[in-house]
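Have a look at the structure below before the remarks.
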Amino acid sequence: MQSNEPEVTVPMKLKKTKKLIVIVIMALALAACAAPISNGPLVATNDGDQPTSSAGACPTAAPGTALLENAAQGYCLHYPEEFDVTKFDDGSVGIMVGSLMNGVDPWVTIDVSDSGAADAASAAGAIIADLPGFEIERGSITVDGEPAVVLYSLPGQELNRRVLFTHEGRLYKLTFVPDEPAYGELFARMESLYTTVLESFHFVPVVEGAELAAPGVEVPAAAKSVRHQLARLIQVPAQEIAVTAVEEMAWSDGCMGAALPDETCNKEEITGYAVTLSGPTGDYVYHTDLSGMRSRLVDAPVPVVGDLLVEWQGLDFIGACRTAIFGTEAAAFGECGGPQWTLPYHALARQAEALALVESFAPFAGAETLVGTVSLHGAGAVEATPAEQRAVAQWAQLAEAQARSGQISAAVGTVLAWHQEGGADGECREIVVTVTGEAFGNLCFPDAAPSLLARFRLNAADLEQLYAWYDTYLSVNVQTEADTASGSPATLLSFAGNGSQEASTETITAMQAFGVALWEQVVAMQN
């Protein structure tokens, strides 16, 4: 499987005094890093700090951290154990989760060079001089007894924090990403990484030619990358997945020797690895290129999902063939004809929805819809209409996309949103209808989140009408102003169509009436 992540080039040379860092930051982050070890407080301020020093040999890593020893460059330190250590071709060291493909975790790079006559202050001044027009905030701390300069929010691909200090003729430059408070939890995790690394940083005698020592540092970056990819997809901590085998490989096709049924592969030479990972449910095998940018799952444990509820096969939102099964205990998903990842429901939050579908309808098998083939192992008495069968398929398509990406925007799947306010009663009300056939009735407020009054499924007739509009018309956005004289409210209608025709005035009026009718259902439910 070729990764959908953007291709990222690992920088191997320094430009002036900074490494170009390429990273894609996502608004949502994973769980917080392990707590840092404490060698005394280290708070970077503009007023300086008391020295933090750890004399003697490298201290034993505290619980939740691992020890990195780089005697060739004269230092050791601790870092959160869920992070990986990578040595770049220019001798610099990166501490990150997986690889540069990961865009949801902080990371740090450590560069060591001859300082010459420069001290930390002059090295920092050179960086600032290279950034004319920027107001760079400076701070001061001490690192293992040496004075250090901190440069905050340096511009780059992402805002980064640079820490510079010298020791015995060497200049140390540590770059932490991202230094952007607006990232919230991700920024807090960067601060945790910053504290863990700098509180534990310790100078050691230089040993020329010494190998970098850290847990798993000998594992290729590509293997680390697919390890973290697997951890994300099956929702387990990366520490619970072991890299049990890495074999260098050479393939003569773009599918890396793992073509799916009926797949045509480009003829190209690819060198990479066959990586075996051992997780809580069994072994997974990936084929990757040397960087890990391209990877394919080629073997996985047979999914164990409990009693079957829903089975689906169809195209995802970019036209790739996908398959998914949803059981009473878990879900499994993958490419058509390929192995599948198994995901527990606690990570997907879709079990109740699947059970509700089963309880609502009688069983049906192999129903062909516009979004794929779907089977429901129903326990209800209602025979599903073609529109209702499609609603089950639409639900499965969305659930598969969520399982694969780890998240899905609330806006994805919304077909119709009707909002009304400012009428004679002064009430603000809204209806939101999804492509899965669910409707939500909310009271809305100017300065607060909407309050849910009712969540219900459209009846067969309303669902058929919704899909007829959805398949026929382009998107619609219409707003009418309130009329104080007549007391009529302001109305906003947003319709996310998937068709090719412009909706007529009559059709838009019918859509607005549709929203009104659904709101009347919500009101009736409250009585």
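Filter segment 288-300 down to the residues that are in contact with a Gly (Cβ under 6 Å, 6 or more places away or on another chain) and part of a loop (DSSP other than H, G, I, E, B) and list them by number.
The one that is in contact with a Gly (Cβ under 6 Å, 6 or more places away or on another chain) and part of a loop (DSSP other than H, G, I, E, B): Leu290.
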For this session: Note down all Cβ pairs under 6 Å where the first residue falls in segment 158-180 and is part of a loop (DSSP other than H, G, I, E, B), the second is surrounded by 21 or more Cβ atoms within 10 Å (Cβ to Cβ) and of a type in the set (Asp, Glu), and they're at least six residues apart or on different chains.
Result: Leu159/Asp179
Seminar exercise, completed: Filter segment 59-77 for residues that are within 22 Å of Ala238 (Cβ to Cβ) and small (Gly, Ala, Ser); the one that is surrounded by the fewest Cβ atoms within 10 Å (Cβ to Cβ) is Gly64
For this session: Take segment 461-489 and flag every residue that is assigned to a strand (DSSP E or B), without any contact (Cβ under 8 Å) to a residue 40 or more places away in the chain and of a type outside the set (A, V, I, L, M, F, W, C).
Result: Tyr473, Asn477, Gln479, Thr480, Asp483
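Could you look through segment 479-506, keep only residues that are touching a helix residue (DSSP H, G or I) at 6+ places or on another chain (Cβ under 7 Å) and farther than 22 Å from Val412 by Cβ, and pick out the one that is surrounded by the fewest Cβ atoms within 10 Å (Cβ to Cβ)?
Residues of segment 479-506 touching a helix residue (DSSP H, G or I) at 6+ places or on another chain (Cβ under 7 Å): 491, 493, 495, 497-499, 501.
Next cut, farther than 22 Å from Val412 by Cβ only: 491, 501.
Values: Thr491: 19, Gln501: 11.
Only one residue fits best here, namely Gln501.
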Problem set entry | Flag for Ser153 being within 28 Å of the chain's Cα centre (by Cα), in a strand (DSSP E or B) and polar (S, T, N, Q) | yes
Problem set entry | Unique match (being part of a loop (DSSP other than H, G, I, E, B) and in contact with a Phe, Trp or Tyr (Cβ under 7 Å, 6 or more places away or on another chain)) among Gly499, Gly515 | Gly499
Problem set entry | Selected residue (only one of Ile110, Ile95 is of a type outside the set (Gly, Ala, Ser), within 17 Å of Phe203 (Cα to Cα) and in a strand (DSSP E or B)) | Ile110
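Restricting to segment 465-513, and then to whatever is of a type in the set (Ser, Thr, Tyr) and modelled with pLDDT under 95, can you tell me which residue is farthest from the chain's Cα centre (by Cα)? Let's see the steps before the verdict.
First pass over segment 465-513, keeping only residues of a type in the set (Ser, Thr, Tyr): 467, 470, 472-473, 475, 480, 484, 486, 488, 491, 494, 500, 504-505, 507, 509.
From what's left, modelled with pLDDT under 95: 480, 484, 486, 488, 491.
Working: Thr480: 38, Thr484: 47, Ser486: 49, Ser488: 44, Thr491: 36 Å.
Restricting to residues being of a type in the set (Ser, Thr, Tyr) and modelled with pLDDT under 95, the top hit is Ser486.
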For this session: Taking the residues in segment 343-355 that are in a helix (DSSP H, G or I) and surrounded by fewer than 21 Cβ atoms within 10 Å (Cβ to Cβ) as candidates, determine which candidate is modelled with the highest pLDDT.
Result: Leu355
Problem set entry | Test: residue in segment 185-202 that is modelled with pLDDT under 95, surrounded by fewer than 20 Cβ atoms within 10 Å (Cβ to Cβ), part of a loop (DSSP other than H, G, I, E, B) and not β-branched (Val, Ile, Thr) | no
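Does Val285 satisfy being out of contact with any Gly (no Cβ under 9 Å at 6 or more places or on another chain) and among the hydrophobic types (A, V, I, L, M, F, W, C)?
On the way: out of contact with any Gly (no Cβ under 9 Å at 6 or more places or on another chain): yes; among the hydrophobic types (A, V, I, L, M, F, W, C): yes.
It is true that Val285 is out of contact with any Gly (no Cβ under 9 Å at 6 or more places or on another chain) and among the hydrophobic types (A, V, I, L, M, F, W, C).
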For this session: Output the strands (runs of 3 or more DSSP E) that fall wholly within segment 356-460 and possess 3 or more residues being small (Gly, Ala, Ser) and either touching a Cys at 6+ places or on another chain (Cβ under 6 Å) or modelled with pLDDT of 95 or more (or both), or say none.
Result: 364-369
Problem set entry | Residue identified as closer than 30 Å to Glu240 by Cβ and in contact with a Phe, Trp or Tyr (Cβ under 8 Å, 6 or more places away or on another chain) among Gly74, Gly94, Gly98 | Gly94
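Out of Arg296, Arg232, Arg227, which single residue is at pLDDT 95 or above and crowded, with 17+ Cβ neighbours inside 10 Å? Show your work before the answer.
On the way: Arg232 fails: at pLDDT 95 or above; Arg227 fails: at pLDDT 95 or above.
Residue meeting the stated conditions: Arg296.
Regarding Leu164, is this residue farther than 30 Å from Thr271 by Cβ, at pLDDT 95 or above and in contact with a helix residue (DSSP H, G or I) (Cβ under 6 Å, 6 or more places away or on another chain)?
Values: farther than 30 Å from Thr271 by Cβ: yes; at pLDDT 95 or above: yes; in contact with a helix residue (DSSP H, G or I) (Cβ under 6 Å, 6 or more places away or on another chain): yes.
Yes.
Yes/no per residue for (1) in contact with a Ser or Thr (Cβ under 7 Å, 6 or more places away or on another chain); (2) assigned to a loop (DSSP other than H, G, I, E, B); (3) without any contact (Cβ under 8 Å) to a residue 60 or more places away in the chain:
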{"residue": "Tyr286", "(1), (2), (3)": "yes, no, no"}
{"residue": "Val302", "(1), (2), (3)": "no, yes, yes"}
{"residue": "Leu309", "(1), (2), (3)": "yes, no, no"}
{"residue": "Phe317", "(1), (2), (3)": "no, yes, no"}
{"residue": "Arg322", "(1), (2), (3)": "no, no, no"}
{"residue": "Phe326", "(1), (2), (3)": "no, no, no"}
{"residue": "Trp341", "(1), (2), (3)": "no, no, no"}
Exercise. Does segment 245-261 hold any residues that are within 13 Å of Arg294 (Cα to Cα) and either in contact (Cβ under 8 Å) with a residue 60 or more places away in the chain or not in a strand (DSSP E or B) (or both), and which are they?
Worked result: Gly254, Cys255, Met256, Gly257, Ala258
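Can you confirm whether segment 116-138 contains a residue that is under 30 Å from Glu218 (Cα atoms) and among the hydrophobic types (A, V, I, L, M, F, W, C)? I'd like the intermediate steps shown before the answer.
Just the residues of segment 116-138 that are under 30 Å from Glu218 (Cα atoms), to begin with: none.
No, the conditions are met nowhere in segment 116-138.
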For this session: Just name the residue that is nearest to the chain's Cα centre (by Cα) out of those in segment 262-283 that are among the polar types (S, T, N, Q) and part of a loop (DSSP other than H, G, I, E, B).
Result: Thr281
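Are any residues in segment 328-339 in a loop (DSSP other than H, G, I, E, B) and more than 16 Å from Leu357 (Cβ to Cβ), and if so, which ones? Show your work before the answer.
Residues of segment 328-339 in a loop (DSSP other than H, G, I, E, B): 328-329, 336-339.
Answer for segment 328-339, where residues must be in a loop (DSSP other than H, G, I, E, B) and more than 16 Å from Leu357 (Cβ to Cβ): Glu329, Cys336, Gly337, Gly338, Pro339.
Among the residues of segment 442-471, how many are closer than 29 Å to Glu383 by Cα, surrounded by 12 or more Cβ atoms within 10 Å (Cβ to Cβ) and out of contact with any Ser or Thr (no Cβ under 8 Å at 6 or more places or on another chain)? It would help to see each step written out before you state the result.
Here is the first cut: in segment 442-471, the ones closer than 29 Å to Glu383 by Cα are 453-471.
Filter once more, so that each one left must be surrounded by 12 or more Cβ atoms within 10 Å (Cβ to Cβ): 453-460, 462-471.
Those left that are additionally out of contact with any Ser or Thr (no Cβ under 8 Å at 6 or more places or on another chain): 453-456, 458-459, 462, 465-468, 470-471.
The total comes to 13.
The values are calculated or read from the model by the stated rules, or taken from the named source; none is laboratory data. If you're wondering where the values come from, they're calculated on a predicted model, not measured in any experiment. Quick reminder, even Gly has a Cβ in these numbers, built from the backbone with ideal geometry, and neighbours come from all protein chains shown.
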